[in-house]
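For reference, the structure discussed in these notes is given below.
The values are calculated or read from the model by the stated rules, or taken from the named source; none is laboratory data. The structure displayed is predicted, hence computed values, not measured ones. Using ideal geometry, Cβ is built from the backbone for each residue, glycine included, and neighbour counts are taken over all protein chains shown.
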Amino acid sequence: MKKLVQINTVCNTSTGKLMGDIQREADREGYKTLSIVGRRKVFPDLRCERIGNGLSFWIHVAVNTVFDRQGYASYFATKRIIKIIRKECPDIIHLHNLHGYYINLPLLFSYLTEEYHGKVFWTFHDCWPFTGHCAYFTAVGCDKWKKGCERCPNRKGYPVSLIADASRKNYADKKRMFTSLKNFTVIVPSEWMASMVRKSFFGDYPVEVVSNGVDLNVFSCTRPSESLYDKYNIDRKKKVVLGVANVWDARKGMPDFLALAKVIPDDYQIFLVGLSALQMRRLPGNITGIRRTGDRKELAAIYSAAHVFINPSLEESFSLVTVEAIACGTPVIVLDTSAVRELVCEENGIVLRHHSGTDYLEAIRELERRDLSGEKISQTARKYNSNKFAERIIELYRS
């Protein structure tokens, strides 16, 4: 029986859901599986262990905030991970996000390079593995990561460092540790991410593009219930313009929605899902905020109630929320700055080069002129089935 161990920050959010899809498919294929996470709740239906705690998390946050050293605390938590791996003796280790204040990189990679002899796969859900600090760099227009980071222009972006700038050392350490791996394959969710990886110090490693998947049994083209309109005070006489994100900040495009709110006519209503309580209090009158929801069926109903979905994010390695909207039959508007443009075609939406409030409004009007069928829009998402995604990962394990 083949054995699989996966490692990620959490079980929830998009990266955790993808890890769970892989584990379920591996279980069906006869693998003995285990997922290891740093914090939060574990999978209720899968074999999973949490290794972190509040103390180790906050110590790690402090180390990074002061010294800019993400991945250099959590010593005892990582010792526990290695102990678990030794006990499991897996044939395959699949890494996901190694940032997030829960793992000690020197310890883990010392084990992986000096002791472990199985296959290693690492899914890059963002660009953090090959930069000296940040997970995303498009918004600040930085390309230092191609040759060597220093004087980071995004030091106060996640993972936030308020005092030190260790980007030069972080980059050198990552390059030394990460490129010491043998029998190692990089997995990315988009061609855009693949192009970034090939320009980085991972350029000599095999890179496999496997598009992320969504549950098309949940996200489908169906009419939302009347109770949804009442719950969120959605005016049935207005056209809903929707945005969804786990965290709304400048990179995710919050300023673009504020700009759109200034020019959009009164017969439209903007809804943003995933806002904090503070952000909701600061919204203009024609934007309605909704807290983040973990109820996928309710989220699917919100997508289905929308007239158009806008993803104004400047940088995405894929964008599950965009695929979810498309699967629900809602036309989308995205930017051409990163991987999300790969998801959009004439049959489901518009890709913008410029993104002023007026640009978005003109794109909405263009979609109205096209009068796209919800069912046909939904069909363009069929290739992003979560089952196909997981099956492709298992194929890579076997290769």
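Just so you know, in the stretch 166-220 the residues that are assigned to a loop (DSSP other than H, G, I, E, B) and free of Cβ contacts under 8 Å to residues at least 40 places away in the same chain include one that is surrounded by the fewest Cβ atoms within 10 Å (Cβ to Cβ), and it is D204. Checked against the criterion of being assigned to a helix (DSSP H, G or I) and either touching a Pro at 6+ places or on another chain (Cβ under 9 Å) or within 21 Å of Y360 (Cα to Cα) (or both), the candidates L258, L242, L228 yield just one match: L258.
The set of residues from the stretch 49-90 being among the small types (G, A, S) and either modelled with pLDDT of 95 or more or touching a Ser or Thr at 6+ places or on another chain (Cβ under 9 Å) (or both) comprises G52, S56, A62, G71, A73, S74, A77.
If you filter the stretch 78-109 down to residues that are free of Cβ contacts under 8 Å to residues at least 60 places away in the same chain and over 24 Å from the mean Cα position of the chain (by Cα), you find that the one that is surrounded by the most Cβ atoms within 10 Å (Cβ to Cβ) is L107. In the stretch 335-363, which residues are of a type in the set (A, V, I, L, M, F, W, C), in contact (Cβ under 8 Å) with a residue 24 or more places away in the chain and touching a helix residue (DSSP H, G or I) at 6+ places or on another chain (Cβ under 6 Å)? Once the filter is applied, which keeps residues that are of a type in the set (A, V, I, L, M, F, W, C), in contact (Cβ under 8 Å) with a residue 24 or more places away in the chain and touching a helix residue (DSSP H, G or I) at 6+ places or on another chain (Cβ under 6 Å), the stretch 335-363 yields A339, V340, L343, L361.
On inspection, A381 does not qualify as within 23 Å of A259 (Cβ to Cβ), within 21 Å of the chain's Cα centre (by Cα), surrounded by 22 or more Cβ atoms within 10 Å (Cβ to Cβ) and modelled with pLDDT of 95 or more.
Residues in the stretch 38-71 that are among the β-branched types (V, I, T) and touching a residue at least 40 places away in the same chain (Cβ under 8 Å) were compared, and the one that is nearest to K2 (Cα to Cα) is I51.
Can you confirm whether N154 is outside any helix (DSSP H, G or I), within 30 Å of E191 (Cα to Cα) and modelled with pLDDT of 95 or more? Criteria not met by N154. For the stretch 91-135, a tally of residues being in contact with a Ser or Thr (Cβ under 8 Å, 6 or more places away or on another chain), closer than 21 Å to E208 by Cα and among the aromatic types (F, W, Y) returns 4. Of the helices (runs of 4 or more DSSP H) that lie entirely inside the stretch 269-341, those containing 1 or more residues that are surrounded by fewer than 22 Cβ atoms within 10 Å (Cβ to Cβ) and assigned by TED's automatic domain parsing to the domain that holds E362 span 277-281, 296-305.
Residues considered: R369, R353. Of these, the only one that is farther than 25 Å from Y136 by Cβ and at pLDDT 95 or above is R369.
The rows are residues; the columns are (1) over 22 Å from the mean Cα position of the chain (by Cα); (2) in the same structural domain as L320 (by TED's automatic domain parsing); (3) not hydroxyl-bearing (S, T, Y).
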| position | (1), (2), (3) |
| --- | --- |
| G118 | yes, no, yes |
| T123 | no, no, no |
| C134 | no, no, yes |
| W145 | no, no, yes |
| K156 | no, no, yes |
| I163 | yes, no, yes |
| N170 | yes, no, yes |
| D173 | yes, no, yes |
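In the set G243, G294, only one residue is modelled with pLDDT of 95 or more, under 19 Å from the mean Cα position of the chain (by Cα) and either of a type in the set (K, R) or farther than 26 Å from C142 by Cα (or both); that residue is G243. Residues that are surrounded by fewer than 16 Cβ atoms within 10 Å (Cβ to Cβ) and at pLDDT below 95 within the stretch 17-41 comprise R40, K41, listed in sequence order. Count of the stretch 194-234 residues, restricted to those that are of a type in the set (A, V, I, L, M), out of contact with any Leu (no Cβ under 8 Å at 6 or more places or on another chain) and closer than 26 Å to A300 by Cβ, is 3.
Considering the conditions (1) surrounded by fewer than 14 Cβ atoms within 10 Å (Cβ to Cβ); (2) modelled with pLDDT under 95, P265 is excluded by exactly one of them, (2).
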